[in-house]
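A.B. asks: Here it is, the structure, as structure tokens.
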Amino acid sequence: MFLELAYLLFVMTIAAAIVWKACNYLEDACHELALYYGLPDSVKGSTVMAISSSFPELVTIILAAGIHGDFELGLATIIGSAVFNILVIPGMSVLFRKGPLKAGRDLIYREAQFYLISVLIIMLTLSLALIYNPLPNTPMSATLSTSMMFLPLLFYVLYIYIQYQEVSDHKTDKKNRDIPLLKSWAKLLISMMLVTISVEVLIQMVIKLGEMFDTPSYFWGATILAAATSIPDLFVSVKAAKRKVNAASLTNAFGSNVFDLLVVLPVGVLVTGTVVFSFPNVLPMLVFLLGATVFFLVVARNGSKLTNNNGKILLLAYCAFIIWMGFDNLVI
């Protein structure tokens with residue numbers, strides 16, 4: 001069993017590294033194409049770059065639900081990734097720079113609170129599914145239909161509109177025709193293919209881990225798979241923090257989470273069709289995510305900045321999440 005476990009962890013490490021490198025190329029390609037077509041900053045930040053950083057989560061939920069018939073694995077990965085982004089990314093970002101990480105009022109009162117509302121929107125959507133589409137003879141389980149996905153998608157449209165209003169007075173970027181278009185598109189498609197293959201390998205490995213330890217797959221999705229797919233966001237934010245680009249290091253985490261919850265999850269359901277989930281399995285993770293978001297707001301609100309000690313507290317909170325999930329699911 002030890003050798004098999006070592007093999008699974010080794011394969012997952014390699015796959016996670018490929019996801020990280022491929023996402024770097026994917027973000028570069030998206031940035032180049034955005035410059036070539038002269039897209040405004042609001043579109044680049046809220047859609048193009050969000051898609052590139054959240055592509056692993058998008059592939060995860062499509063493959064988990066559509067290929068492996070395990071929607072809860074994909075949903076748990078999205079929630080676990082959101083917890084990772086809200087606790088680990090700010091915590092690591094402030095630890096890898098000199099001095100505190102300023103969390104401006106725009107971040108606290110707009111980005112973070114909008115993200116908090118996004119979490120509530122998903123909780124409302126799943127609750128409505130349980131009320132109106134309960135599974136017969138299966139207590140607290142429900143079907144999530146495609147029609148219910150329009151609520152989070154419409155809310156994301158509102159988010160885009162708000163972002164657009166913030167930059168509507170800014171001059172639209174000029175088109176940069178010096179960028180090699182075919183090369184950028186080739187880089188985009190190849191990197192997307194590499195991410196898809198690597199995520200499929202990760203999914204197969206976590207399913208085997210679940211079978212090995214007799215644990216539900218969503219536990220591994222919320223922990224290992226979520227961390228593996230969030231690595232690209234972590235490196236982007238840490239680099240931004242080291243360059244003292246405070247806003248970018250934090251808004252990247254919030255923007256990615258909003259996109260995951262309001263777009264990735266609905267698109268996964270729309271692509272795979274009606275899916276089934278168990279409310280008791282999902283609700284505790286969503287409640288923890290909600291609590292983690294409020295906890296971050298409280299920490300960041302103190303002086304509108306994150307100190308080195310604040311970063312350690314956020315990382316300890318994520319460790320508490322992992323321990324709680326372990327005690328709740330691992331069979332010793």
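The values are calculated or read from the model by the stated rules, or taken from the named source; none is laboratory data. Note that this is a predicted model, so its numbers are computed, not measured. Here the Cβ is made from the backbone with ideal geometry for all residues, glycine too, and neighbour counts use every protein chain on show.
A.B. asks: How many of the residues in region 219-245 are crowded, with 19+ Cβ neighbours inside 10 Å and either touching a strand residue (DSSP E or B) at 6+ places or on another chain (Cβ under 8 Å) or not in a helix (DSSP H, G or I) (or both)?
C.D. replies: The number of residues fulfilling the criteria is 1.
A.B. asks: Given the criteria more than 19 Å from the chain's Cα centre (by Cα), at pLDDT 90 or above and either of a type in the set (Val, Ile, Thr) or part of a helix (DSSP H, G or I) (or both), does Pro266 qualify?
C.D. replies: So Pro266 fails the test.
A.B. asks: Continuing with the same structure: Would you confirm whether any residue within region 298-313 is under 18 Å from Asp260 (Cβ atoms) and surrounded by 21 or more Cβ atoms within 10 Å (Cβ to Cβ)?
C.D. replies: Looking through region 298-313, none of the residues is under 18 Å from Asp260 (Cβ atoms) and surrounded by 21 or more Cβ atoms within 10 Å (Cβ to Cβ).
A.B. asks: Can you confirm whether region 211-218 contains a residue that is of a type in the set (S, T, N, Q), part of a helix (DSSP H, G or I), at pLDDT below 90 and under 15 Å from Leu8 (Cα atoms)?
C.D. replies: Yes - at least one qualifying residue is present in region 211-218.
A.B. asks: Look through region 169-193, keep the residues that are assigned to a helix (DSSP H, G or I) and surrounded by fewer than 17 Cβ atoms within 10 Å (Cβ to Cβ), and return whichever of them is modelled with the lowest pLDDT.
C.D. replies: Across region 169-193, the extreme among qualifying residues is Leu181.
A.B. asks: Report, by residue number, each residue of region 304-324 that is out of contact with any strand residue (DSSP E or B) (no Cβ under 9 Å at 6 or more places or on another chain) and either without any contact (Cβ under 8 Å) to a residue 12 or more places away in the chain or of a type in the set (A, V, I, L, M) (or both).
C.D. replies: Result: Asn309, Ile313, Leu315, Leu316, Ala317, Cys319, Ala320, Ile322, Ile323.
A.B. asks: Taking region 314-332 as the search range and keeping residues that are of a type in the set (Val, Ile, Thr) and at pLDDT 90 or above, which one is surrounded by the fewest Cβ atoms within 10 Å (Cβ to Cβ)?
C.D. replies: Result: Ile323.
A.B. asks: Restricting attention to region 92-139, which residues are among the small types (Gly, Ala, Ser), in a helix (DSSP H, G or I), in contact with a strand residue (DSSP E or B) (Cβ under 9 Å, 6 or more places away or on another chain) and at pLDDT below 90?
C.D. replies: Ser93
A.B. asks: Sort out which residues of region 277-332 are within 30 Å of Thr143 (Cβ to Cβ), among the hydroxyl-bearing types (Ser, Thr, Tyr) and more than 17 Å from the chain's Cα centre (by Cα), and write them in order of number.
C.D. replies: Ser278 - this is the single residue of region 277-332 that is within 30 Å of Thr143 (Cβ to Cβ), among the hydroxyl-bearing types (Ser, Thr, Tyr) and more than 17 Å from the chain's Cα centre (by Cα).
A.B. asks: Going by the structure shown, is Ile78 within 27 Å of Thr196 (Cβ to Cβ), among the β-branched types (Val, Ile, Thr) and at pLDDT below 90?
C.D. replies: Considered against the rule, which asks whether it is within 27 Å of Thr196 (Cβ to Cβ), among the β-branched types (Val, Ile, Thr) and at pLDDT below 90, Ile78 comes out as no.
A.B. asks: Next question. So which of Tyr159, Tyr164 ends up being closer than 30 Å to His31 by Cβ, hydroxyl-bearing (Ser, Thr, Tyr), crowded, with 17+ Cβ neighbours inside 10 Å and modelled with pLDDT under 90?
C.D. replies: Matching residue, one of Tyr159, Tyr164: Tyr159.
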